[in-house]
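Derivation of every value follows stated rules applied to the coordinates shown; laboratory data play no part. Since this is a predicted model, take the numbers as computed values, not measurements. We place every Cβ from the backbone using ideal geometry, glycine too, and count neighbours over all the protein chains shown.
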Amino acid sequence: MLRPRITELIADSAARYADRPAMRDGDRVVSHAGLATAIDGAAQSLAALGLGPRDRALVVGENAIETLVLALAIGRLGAWPVLATARLAAGEIDAIAAHCDPRLALFVPRNSPAAADHAARRMARTTDLAPVGAIGVERFAGARAPAPSPIDVAVMLYTSGTTGAPKAAMLTHANLLFLARAQCVARRYRSDDRVYLALPIAFAGALASITLTTLSAGGCLHLYPRFEPADLARALRDEGLTVLPGVPALYTKLADWSREHPGAFAAPRVRMATCASSSLAPALKQRVEALLGLPLQNGYGLTETTAVVCQTAIDEPRADTAAGRPLPGVRVRILDDAGGEAARGDVGEIVVRGPNVFAGYFRNATATRAVFTDDGWFRTGDLGFLDEAGALHLAGRINDVIKHSGYTVHASDVEAALHAHPAVALCAVVGRTHGADEQIVAFVQRRESVDAGALAAFLAARLAVYKRPVSYRFVDALPLTASGKVDRVALRRLAQA
């Protein structure tokens, strides 16, 4: 018996919501029925190029109808789409192409000069691929190495690499279907929803938690290749957006833009705003809620958990920044240093089990074994604790623990204290080696003028001496990965230098 596939979700929406809009991309709109037809047509064109079951096909582009049609058409053939944002550097694209061993690489240039540049550099041939139009096609000669046959992979996504070398996470059709359906219920997506999407679809949150959830509910995605505060403000005012998914960096820029343009911001139809990807500072949560006039719903997940583990509940707005309780069917435990279960309220490593957990890393059995416990729980590498109500509170990553003067310092504690200063827009704290010790270095993106002395004085009343930074580095903007997370690898290099 054939296992369910995500194209069945598309076919079901086409039958139920045929003429309703499924995607808006600039002035172009495609209906749910039109999307299903385009996917079938693109699948036929890709099959004519030799793509078959369990082949890999690399798709390089940005948020556009064509990019999504190609990704879903590849899966329609039983092949494995490998999604990569065109924002990646040349070396990163080349490394992904070498690692995933594709039959085809497809470059979508319609709204992405970066994708066109990658296509030209790799000498991809411009091809009119019905029905998506002109794209760059790179064909790879020779036999492909076989994919792991028992795994029904729907997409391969490369992890962001904020704590090390990126790896290719294999997400199955079952993973994606579970997440889309669970999100529809948990977030109450509707067929009249208009959902903003500027987060790259090459990341699990954008693909599973936003795109497939919206399509499953019969709603419409409003696609943007890049986030610009002015574009979002216009869309909120003029396009009737009802759902606003974002990350802390997006909300910080939006709140700053609205302050710089008094009277220009309006969001008359937004019913839900969500935040994920990285830790949410209490001060930012308060700013966004005051701006939008509704609670900012928080959540937590990773690529390997199909983007979502926990979420806050719509009917239970929280004053704190907890990530909420696990999705139904998903289990969360906290492990102490000895590998046993930590007591409620104690910080330890977050481990997860459920139908959202990925199948493993492509061609990296060692890394796959390393992230699973002997009894099958996925080790997130994140620190947190569960409160008495079962809500998850994040406490940073294991690699973000700084050993200073014999003390264990969680970077998230220092960042939370810094974010409380009104002049701090964004900040990140890392450790740098200093002899046998580690020093604490704070990188600060300012909203208004403030110096190191003022921040040190501010923290003196809020943090123990051993938690206070020895150095403050002021930057115009924190380096971010393409998924909107702070690039801590880059910051550690800067701190050490």
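As a proxy for reagent exposure, ranking CYS427, CYS100 by other Cβ atoms within 10 Å from fewest up yields CYS100, CYS427.
Mean projection of the alpha-carbon convex hull of the chain over all orientations, in nm²?
Convex hull of Cα atoms, orientation-averaged projection: 23.6 nm².
Note that the range 62-130 carries a Kirkwood radius of 12.5 Å, evaluated over its alpha carbons pair by pair. Both the radius of gyration and Dmax for the range 168-271 are 14.4, 46 Å, in that order, over alpha-carbon atoms. Excluding same-chain neighbours fewer than eight residues apart, the aspartates and glutamates reachable from LYS167 by a Cα-Cα span under 15 Å are GLU92, ASP94, ASP101, GLU304. Going by neighbour counts of Cβ atoms within 10 Å, the residues ASP19, ASP256 line up, fewest first, as ASP19, ASP256. Using the alpha-carbon positions of the range 282-382, Rg (one decimal) and Dmax (whole number) come out as 15.8, 48 Å.
Note on ALA264 and GLN44: their simple-model spin labels are 4.8 nm apart, each label 7 Å out from Cα toward Cβ.
Are there GluC sites (Glu not before Pro) in the range 357-458 that DSSP puts in a loop and that have at most 11 other Cβ atoms within 10 Å, and which ones?
GLU388, GLU448
Descending by average beta-carbon neighbour count within 10 Å, the peptides 205-211, 307-313, 261-267, 135-141 line up as 205-211, 307-313, 135-141, 261-267, the highest first.
Between the range 359-407 and the range 69-101, how far is it from one alpha carbon centroid to the other, in angstrom? Between the Cα centre of the range 359-407 and that of the range 69-101, the gap is 27 Å. The gain in end-to-end length when the ALA15 to ARG3 segment is fully stretched comes to 2.3 nm, 0.36 nm per residue minus the alpha carbon separation.
Rounded to the nearest 500, the helix-only mean residue ellipticity at 222 nm of the chain stands at -8500 deg cm²/dmol, with each DSSP H run of n ≥ 4 adding -39,500 (n - 2.57).
Net length available on complete extension from ARG237 to ARG139 is 30.9 nm, with 0.36 nm assigned per residue and the Cα-Cα distance removed.
Over the range 405-496, what is the mean sequence separation of C-alpha contacts under 8 Å (at least six apart), divided by residue count, expressed as relative contact order in percent?
Reported as a whole number, the value is 30 percent.
Look at where the Cα atoms of the range 45-61 and of the range 458-497 average out, and the two centres are 42 Å apart. By other beta-carbon atoms within 10 Å, ranking ASP374, ASP487 with the fewest at the front produces ASP374, ASP487.
Of LYS253/LYS285; LYS285/LYS467; LYS285/LYS485; LYS253/LYS485, which sit over 19 Å apart, Cα to Cα?
Beyond 19 Å between Cα atoms: LYS285/LYS467.
Note on the chain: with charges restricted to the Cβ of Lys and Arg (+1) and Asp and Glu (-1), its dipole about the Cα centre is near 420 debye.
Solvent-free Debye calculation, one equal scatterer per alpha-carbon of the range 318-440: log10 I(q)/I(0) at 0.13, 0.23 Å⁻¹ equals -0.66, -1.31. Seen from all directions on average, the range 6-172 presents a Cα convex hull projection of 9.8 nm².
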